[in-house]
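Working notes, beginning with the structure itself.
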Amino acid sequence: MRHVRGFDVVRPLSIGMLVFMMLPLVFLPLASIFIFGTSNGLDKFWAALMAPEAVFALKLSMATSFWATVFNVLFGLFAAYVLSRHNFWGRNALIVTISLPTAIPTAVAGFALLLLWGPYGTLGRFLTPHVEIMFTALAIILANIFVTFPLAFGVIKPVFDTMSRSLEEASATIGATRWQTFWHVTLPSLRGAIVSGALLTFARAVGEFGSTILVSGNLAGRTQTAPLYIFAKFNEGQIEAANAIAIVLALFSFLIFSVLFFARDWLDVD
Amino acid sequence: MIGWTLTESESVKAKEQLIPRPAEPAPLADPSPAAASVVGLSKRFGKTSVLENISFDVAEGEVLVLLGASGSGKTTILRIIAGLEMPYTGKVILHGKDVTELPARERGVGVIFQSYALFPKMTVEKNIGYGLRIRKRKRKEIRETVNELLALVQLEEHRKKYPSQLSGGQQQRVAIARTLAYKPEVLLFDEPFGALDTQTRVHLRREIKALLRKVNVPSIFITHDQEEALELGDRVAVLYQGHIEQLGTPFEIYNHPATEYVATFLGAANILDATIRKDHLEVGSARVSAILDPQTFQDGDCVKIVFRPEDVVLSKNDFLRAGAAKIAAAHIEEITFVGAYERLRLRLERGGEDCGHESPYYLTTETPESQTKAIIATRPKPEAAKTKLQIGDRVVVAVTSFTVLPPAK
C-alpha cells in the first residue's frame, strides 16, 4: 500500500528481505545438492545413480509408495463417504483418529508397528515362524500407509461435504442404482480431489524415513528405500552416491509440487 | 365456501339481492382416472408431525400446485412422492400402482429440483441422455431422443456446453428435458423459480406452462408464490401446517376461500365479522341480503365475511352503482399509487352491534386507532381519475362480491 506518489522504498526493501531470509533456510540447501552432486562431472553422477543398490532403492521407494497410495486413496474415499454421509455417535472421534497419524512422530509410528508386527509383537508373535511382516517390503508399505493415512482423506472429505445431496437424489429419481450414481455422478466431481490426494500421499510416502528405518531393517538391495540409501551412503562417506539419489528425490518432489500447483485449475475444471 | 355476487343495490335501505357468482369454467366432462394420487399421507420427524392425512389426485395431463408457506410440509409431500422420503402412514399411487414401498429409482418420476441438480461434469446432451444411458438403451435411440428434447426445449446450440455455462432458465430447461427423456409417470417441480429474479420467473412460468401443455405429463408444482400458483395450476392445494386447507381450481380458491388462512394467503383480503339472520347478514349496522345454506349456517351464528380489495366500491354519497351492497361508512386514511391501480386504506366507522357484543372494530372518536378496523380497497386508474378521493374524505363502502366463511366450530 503506497500513500505517497513516486518511488516507495519499502517495496523493494521488504521483497529483498524476504528473499534474503529464505536464502540460507531454503534456497541454498537445495542448491547445494545440485552443486555438489554435479561438481565431479555428469558421468560420475550418472554412474552413482546407476549403481545397482541405488536403482533398487529408488524402485523400492516408488513401488512401496505406489501401493500405500492406492490403499490410502481408496480408504480415504470410503472413509470420506461414510463420514460425510452418515451422522452417528463417535463420528468425530473417528475423524480425529484418522487425522492423528500425521501428528505422531514418524519414529514413534515405526516403533508402534514393530511392537505390533515384530517377532515378539502383539500380533507378530503368532505369525513369526510362518509369515514375516517386519523387515520386508510389506513393512515399508505398512509404515507408508500409517504416516500418510489422513492425507487423501483430508483432501477428499471437504469435497464430499460441499457436494450437493440433490445431485445424488436427482440421479436416483432418474433411475440410477447407488453404484451408477457413484460412478457417473459422485466420482467425476471428486476427480480433482482424488488426483491431488494421491499426489500428496505419494510424495510424502517416497520421502518417508523415520518409520521406514525402524521397520525395514535397512538391508541394502532388499529393504533399503531411497531416503535410507542416502542416509547409509552418507554414513559410509560415499557422498557422491548419496548426493545422486538426493538430486533425484528433490527433482521428483519439485515435479509433484508443480503438478499440484499448476494443475489445480485443470483438476477442478467443471 | 359460499360466494355471491351482488346484482343491484341503490342504497342501504334499498332492497339488496344476491345471486351466486357466475359459474366458473366447467370441469372436464369426463374426468380421466388419476395419474398420480396420494392417500392419507402423514409424516413425522421425531415427535413433530409435519403432515397429517394428505390426500389428492392428479389427473392425466393436469397441473396441481401445492401452495404453502415454508414449513407447511409441501416439500415433504414432494419428496415422499419421489421416493426420497418414507411416509409415516399413507400410500403413493402412480397410474394405479402402489409405489409406496419402491425406492426412488424404480418409481419413474421426474423431479426438477430447485437448484436443478444438473450434473456439473456432463454436457447438456449428456445430462439429457443420462436416464437412457443408465437404462442401457441403444446409442441411436439415445441420440434421437436427446435431439428431439433439445429441439423441444430449444437448446440445440448449447448441447456441448456444461451446466455452469448456462443461464438459470436454460439450466431449468435442461433439467426438464433430462426427466422427460425417460418418460416419467409424473413431473415434480420443487420451487422451480425460487432462485430467479421476478422478470425471469414470470417469463419462465409461461414457457413451462406452454411446454407442459405440449408434453401432457401430469405435474405437481410446489411454491409459496400465490401468483405463480394461480397462473400455473389447473388446481391448487393450499397447505397450512401439514394439512390441506383447501383444494380447488384457482378460481375457486381465490374467489371462494374456505378458510381465513386461504383467504389471506392468496393475496390481500379484507375480513369483517358478521351475524347470520334469517334472510340476511348483519355487518355492523348494515344489512346485506344473502341466501345461505341452512345446513352450515344458523340464525345468530357469528361468521366472517371475506372480500378482496378489488371487490370494494367507494362512493362519496349513498348512491351506489348496481351490484354493490353497502357494508359500512369509512374515512380514507391513506392513498397509495401502485402503478396499475390506486390503493386506499379505509378506517371503518363504528356502527351497530357485532355478534351480540359491541364491536371493537368500528371507530368512534374515543376508540384508539389500534382497536378499530381498517380495510384495503383498490380502484383501477380510470375510476380513480373519475372520482378523485383525498385523505380524510368520508365515503360509503360497498362490496360487489364476498364470501362467507363457515362459523368456527
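The values are calculated or read from the model by the stated rules, or taken from the named source; none is laboratory data. The structure displayed is predicted, hence computed values, not measured ones. Glycine also receives a Cβ, built like all others from the backbone with ideal geometry; neighbour counts cover every protein chain displayed.
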### Query
Quick one: is residue B:292 of a type outside the set (Gly, Ala, Ser), surrounded by 21 or more Cβ atoms within 10 Å (Cβ to Cβ) and assigned to a loop (DSSP other than H, G, I, E, B)?
yes
## Note on the structure
The condition from (1) outside any helix (DSSP H, G or I); (2) within 14 Å of chain A (Cβ to nearest Cβ); (3) surrounded by 18 or more Cβ atoms within 10 Å (Cβ to Cβ) that residue B:193 misses is numbered (2)
### Query
If you go through segment A:181-196 one residue at a time, do you hit one that is away from every other protein chain (no Cβ under 14 Å), in a helix (DSSP H, G or I) and more than 30 Å from residue B:130 (Cα to Cα)?
no
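I want to confirm something. Restricting to segment B:226-249 and keeping residues that are farther than 23 Å from residue B:52 by Cα and not aliphatic (A, V, I, L, M), which single residue is surrounded by the most Cβ atoms within 10 Å (Cβ to Cβ)? Steps first, answer last, please.
First pass over segment B:226-249, keeping only residues farther than 23 Å from residue B:52 by Cα: B:227-228, B:230-232, B:234.
Of the ones still in play, those that are also not aliphatic (A, V, I, L, M) are B:227-228, B:231, B:234.
Numbers: B:227: 13, B:228: 20, B:231: 14, B:234: 18.
Among them, the one singled out is B:228.
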#### Entry: Criterion (assigned to a helix (DSSP H, G or I) and farther than 24 Å from residue A:213 by Cβ) met by exactly one of A:30, A:58, A:18
A:18
### Message
I'm trying to understand the selection: among the residues of segment B:266-289, which are surrounded by fewer than 21 Cβ atoms within 10 Å (Cβ to Cβ) and not aliphatic (A, V, I, L, M)?
### Response
B:267, B:273, B:275, B:277, B:278, B:279, B:280, B:282, B:285, B:287, B:289
### Task
Run residue B:247 past the list (1) touching a residue at least 40 places away in the same chain (Cβ under 8 Å); (2) more than 22 Å from residue B:313 (Cα to Cα); (3) assigned to a helix (DSSP H, G or I) and report the number of the one that doesn't hold.
(3)
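Specify the residue that is farthest from the other protein chains (Cβ to nearest Cβ); the eligible residues are those in segment B:110-128 that are in a helix (DSSP H, G or I) and surrounded by 24 or more Cβ atoms within 10 Å (Cβ to Cβ).
Out of the qualifying residues, it is B:124.
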### Task
Would you check which residues across segment B:151-182 are in contact with a Phe, Trp or Tyr (Cβ under 8 Å, 6 or more places away or on another chain) and of a type in the set (Val, Ile, Thr) and list them?
B:174
### Checking residue A:231 against (1) within 14 Å of chain B (Cβ to nearest Cβ); (2) part of a helix (DSSP H, G or I); (3) without any contact (Cβ under 8 Å) to a residue 60 or more places away in the chain, the condition it does not meet
(1)
### Task
Mind listing just one residue for me: the one in segment A:127-175 that is within 14 Å of chain B (Cβ to nearest Cβ) and of a type in the set (Asp, Glu) and, of those, farthest from the chain's Cα centre (by Cα)?
A:169
### Task
Filter segment A:231-270 for residues that are modelled with pLDDT of 85 or more and of a type in the set (Asp, Glu) and give the result.
A:236, A:240
### Residues that are surrounded by 20 or more Cβ atoms within 10 Å (Cβ to Cβ) and either basic (Lys, Arg) or on the phi > 0 side of the Ramachandran plot (or both), drawn from segment B:80-109
B:83, B:107, B:108
### Message
Looking for something within 14 Å of chain A (Cβ to nearest Cβ) and free of Cβ contacts under 8 Å to residues at least 60 places away in the same chain - is there at least one such residue anywhere in segment B:203-226?
### Response
no
#### Entry: Boolean, residue A:142 is at pLDDT 90 or above, closer than 26 Å to residue B:122 by Cα, out of contact with any strand residue (DSSP E or B) (no Cβ under 8 Å at 6 or more places or on another chain) and in a helix (DSSP H, G or I)
no
### Query
In segment A:137-151, is there at least one residue being among the aromatic types (Phe, Trp, Tyr) and under 19 Å from residue A:74 (Cα atoms)?
yes
### Task
Kindly list the number of the only condition in (1) more than 30 Å from residue B:117 (Cβ to Cβ); (2) surrounded by fewer than 20 Cβ atoms within 10 Å (Cβ to Cβ); (3) at pLDDT below 90; (4) not polar (S, T, N, Q) that fails for residue A:191.
(1)
### Query
Within segment A:118-139, how many residues are assigned to a helix (DSSP H, G or I) and modelled with pLDDT under 90?
4
### Task
Being without any contact (Cβ under 8 Å) to a residue 40 or more places away in the chain and either polar (S, T, N, Q) or touching a Phe, Trp or Tyr at 6+ places or on another chain (Cβ under 6 Å) (or both) is the filter here, so list the residues in segment B:299-348 that pass it.
B:336
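Restricting to segment B:323-346, what's the tally of residues that are within 16 Å of residue B:286 (Cα to Cα) and part of a strand (DSSP E or B)?
6
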#### Entry: Every residue from segment B:96-109 that is in contact (Cβ under 8 Å) with a residue 24 or more places away in the chain, within 10 Å of chain A (Cβ to nearest Cβ) and out of contact with any Lys or Arg (no Cβ under 9 Å at 6 or more places or on another chain)
B:107, B:109
### Sole exception among (1) within 24 Å of residue A:159 (Cβ to Cβ); (2) touching a residue at least 60 places away in the same chain (Cβ under 8 Å); (3) within 13 Å of the chain's Cα centre (by Cα); (4) surrounded by fewer than 19 Cβ atoms within 10 Å (Cβ to Cβ) for residue A:209, by number
(1)
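Table: residues versus (1) in a loop (DSSP other than H, G, I, E, B); (2) under 14 Å from residue B:178 (Cβ atoms); (3) within 14 Å of chain A (Cβ to nearest Cβ); (4) without any contact (Cβ under 8 Å) to a residue 40 or more places away in the chain.
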residue	(1), (2), (3), (4)
B:53	no, no, no, no
B:75	no, no, yes, no
B:81	no, no, yes, no
B:93	no, no, no, no
B:130	no, yes, yes, no
B:141	no, no, no, yes
B:144	no, no, no, yes
B:151	no, no, no, yes
B:164	no, no, yes, no
### Yes/no for residue B:58 being out of contact with any Phe, Trp or Tyr (no Cβ under 8 Å at 6 or more places or on another chain), more than 10 Å from chain A (Cβ to nearest Cβ) and closer than 24 Å to residue B:177 by Cα
yes
### Message
List pairs: first residue in segment B:170-196 and touching a residue at least 60 places away in the same chain (Cβ under 8 Å) and acidic (Asp, Glu), second residue assigned to a helix (DSSP H, G or I) and surrounded by 21 or more Cβ atoms within 10 Å (Cβ to Cβ) anywhere in the structure, Cβ distance under 7 angstrom, at least six positions apart or on different chains.
### Response
B:190/B:78
### Query
Can you find even one residue in segment B:210-219 that is under 28 Å from residue B:45 (Cβ atoms), out of contact with any Asp or Glu (no Cβ under 9 Å at 6 or more places or on another chain) and assigned to a strand (DSSP E or B)?
no
